[in-house]
Amino acid sequence: MNYYSLNKQAPDTSFQKAVVRGLAPDKGLYFPETISPLPDSFFDNIESLSNTEIAFEAIKQFVLPEIPEAELKSIIEETLDFDFPIVEFNNQISTLELFHGPTMAFKDVGARFMARCLGYFNKSNTNEVTVLVATSGDTGGAVANGFLGVKGVKVVILYPSGKVSEIQEKQLTTLGHNITALEVDGVFDDCQDMVKKAFIDHELTDQMQLTSANSINIARWLPQLFYYLFAYKQLKSKYDDIAFSVPSGNFGNICAGMVAQKLGLPVKQFIASNNANDTVVNYMATQTYLAKPSVPTISNAMDVGNPSNFIRIQELHNHNFEDLKSNLSSFSYTDKETKEALLEINQLYNYIADPHGAVGYLGAKDYLKDNSAHVVFLETAHPTKFLDVVEEVIDTKVDLPPQIKAVMDKEKTAVKIESYEDLKNFLLDENRAL
Ligand SMILES: *Cc1c(COP(=O)(O)O)cnc(C)c1O
């Protein structure tokens with residue numbers, strides 16, 4: 001499969017190159033040249049397939065033969081060694097729990113898949129790849145964990161000092177081996193700016209292969225389409241019309257759902273559920289796209305003012321606004337509404353959601369005011385990752401799951417940096433030490 005750059009100013013490239021580069025040389029996002037629907041029999045028989053069989057069938061056209069069939073199967077098996085259960089609230093609303101992976105965030109799937117793809121490509125390649133990531137919390141932990149011990153890949157994570165939760169910081173800073181955490185004296189945007197600068201700094205890129213591990217990378221973005229198939233498998237016999245409400249930040253997850261739809265998955269509607277960062281909601285109302293600086297909220301993994309994957313969503317709809325509008329509804333909610341939803345979910349359904357899932361629940365409810373369907377909202381993180389908010393709102397102590405307990409007892413190791421020069425010197429020193 002070839003991939004083209006959405007900026008159309010760079011040559012088409014292979015899966016391998018697209019994964020290793022992250023972004024095309026013209027700074028565009030890569031996009032698959034074709035998306036071929038799966039046969040009807042796949043959807044007819046989906047209930048008899050295992051999750052790994054479903055995932056293999058769905059992703060093989062994007063990856064084979066650059067990663068051979070047997071290797072791809074084992075990458076998928078290692079990536080998906082946990083559950084993706086549906087919890088039904090009633091006959092209109094369910095949640096799909098995506099937080100049963102090692103760091104309890106849905107990003108575990110994409111991070112693990114991408115790490116293993118890079119690891120495969122590096123077997124025959126003596127050049128190290130350095131993955132640079134800026135994180136506001138969840139991405140860093142999932143990437144660190146996913147890439148731990150992968151040969152030929154070094155991971156450098158930048159996080160804003162004092163701006164991530166204690167649990168998130170421990171997940172980033174306690175792994176060691178090929179993972180280094182840089183604690184930045186600044187906010188998330190400073191981390192992000194430093195990473196962007198590094199990618200265009202020839203003094204660095206001439207000497208080392210740098211790549212990103214956020215959802216612009218196709219190997220992190222595409223595997224997210226599995227979730228929608230796993231939900232369908234569990235609900236297909238009960239409901240004819242299924243819609244998905246997706247708590248969205250960079251819009252990678254929802255966009256992957258739309259790829260599943262192109263593969264033939266019947267989806268009545270996608271609902272983008274947002275916090276106060278409402279760039280897409282405004283676009284859908286006015287047809288004018290105005291990126292804004294992000295504003296902080298209690299669902300902080302969605303604090304994105306200029307969602308990088310929205311361009312892929314437009315490509316999937318041939319840049320036709322009316323088509324997009326008929327497939328995508330969008331809503332935005334305040335922190336106050338999110339907290340009320342957390343409480344409502346707890347009281348009505350005896351379920352503990354996290355703030356991101358709660359935003360998804362609100363989107364599901366708003367959609368159902370004017371439409372009928374069974375709406376699945378995605379629970380993208382475990383509630384204990386946002387302990388302060390959740391415990392305060394539902395006024396109950398939440399038990400820490402074993403994955404989290406294990407990491408809390410470990411010792412933090414991080415390198416403090418203050419400026420881009422510090423980052424650059426760190427990378428150059430590391431490279432010299434090889
Ligand atoms: C990253 C993240 C999101 C947003 O996902 P996108 O693909 O960026 O839209 C939502 N919830 C949680 C918990 C996340 O970590």
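For the range 176-215, a tally of residues being β-branched (Val, Ile, Thr) and out of contact with any Lys or Arg (no Cβ under 9 Å at 6 or more places or on another chain) returns 2.
Identification of helices (runs of 4 or more DSSP H) wholly contained in the range 110-199 with 2 or more residues that are over 19 Å from residue 305 (Cα atoms) and open to solvent by 20 Å² or more (accessible area, probe 1.4 Å) yields 166-173, 188-199. Among all positions in the range 301-314, there is no residue which is open to solvent by less than 30 Å² (accessible area, probe 1.4 Å), of a type in the set (Ser, Thr, Tyr) and within 16 Å of the ligand (Cβ to nearest atom).
Remark: pairs (first residue in the range 352-376, more than 21 Å from residue 387 (Cβ to Cβ); second residue among the acidic types (Asp, Glu) and open to solvent by 10 Å² or more (accessible area, probe 1.4 Å); Cβ separation under 6 Å; 6+ apart in sequence or on different chains) = 373/241.
If the condition is being more than 17 Å from residue 100 (Cβ to Cβ) and either in contact with a strand residue (DSSP E or B) (Cβ under 9 Å, 6 or more places away or on another chain) or in contact (Cβ under 8 Å) with a residue 40 or more places away in the chain (or both), then the range 380-395 contributes 387, 388, 389, 390, 393, 394.
The helices (runs of 4 or more DSSP H) located wholly in the range 297-351 that include 2 or more residues which are among the acidic types (Asp, Glu) occupy 321-327, 335-349. Report yes if residue 179 is within 29 Å of residue 364 (Cβ to Cβ) and aliphatic (A, V, I, L, M), otherwise no. Considered against the rule, which asks whether it is within 29 Å of residue 364 (Cβ to Cβ) and aliphatic (A, V, I, L, M), residue 179 comes out as no. Scanning the range 248-282 for residues being open to solvent by 10 Å² or more (accessible area, probe 1.4 Å), over 23 Å from residue 318 (Cα atoms) and not in a loop (DSSP other than H, G, I, E, B) gives a total of 0.
For residue 339, are the conditions met, namely being in contact (Cβ under 8 Å) with a residue 40 or more places away in the chain, open to solvent by 50 Å² or more (accessible area, probe 1.4 Å) and either more than 23 Å from residue 229 (Cβ to Cβ) or of a type in the set (Phe, Trp, Tyr) (or both)? The answer is yes for residue 339.
Restricting the range 401-434 to residues that are within 26 Å of the chain's Cα centre (by Cα) and among the polar types (S, T, N, Q) leaves a set whose member that is least open to solvent (accessible area, probe 1.4 Å) is 403. Condition (residue is away from the ligand (no atom under 16 Å from the Cβ) and open to solvent by 10 Å² or more (accessible area, probe 1.4 Å)) applied to the range 213-229: is it met by at least one residue? For the range 213-229, residues away from the ligand (no atom under 16 Å from the Cβ) and open to solvent by 10 Å² or more (accessible area, probe 1.4 Å): absent.
Within the range 242-263, residues that are among the basic types (Lys, Arg) have Cβ atoms under 8 Å from residues that are more than 6 Å from the ligand (Cβ to nearest atom) in these pairs: 262/35; 262/37; 262/316, counting only partners at least 6 apart in sequence or on another chain. For the range 332-362, a residue qualifies if it is closer than 24 Å to residue 240 by Cα and either touching an Asp or Glu at 6+ places or on another chain (Cβ under 6 Å) or more than 12 Å from the ligand (Cβ to nearest atom) (or both), and the qualifying residues are 349, 357, 361, 362. Scanning the range 321-353 for residues that are of a type in the set (Asp, Glu) and more than 22 Å from residue 278 (Cα to Cα) yields a total of 1.
Look at residue 27 and say whether it is assigned to a loop (DSSP other than H, G, I, E, B) and under 23 Å from residue 202 (Cβ atoms). Yes: the conditions hold for residue 27.
The values are calculated or read from the model by the stated rules, or taken from the named source; none is laboratory data. Just so it is clear, the structure is predicted and the values come from calculations on it, not from any experiment. Backbone-built Cβ (ideal geometry, glycine too); neighbour counts: all protein chains shown. Side chains included, ligands, DNA and RNA excluded: accessible areas come from the protein's heavy atoms. Shrake-Rupley method; radii C 1.70, N 1.55, O 1.52, S 1.80 Å.
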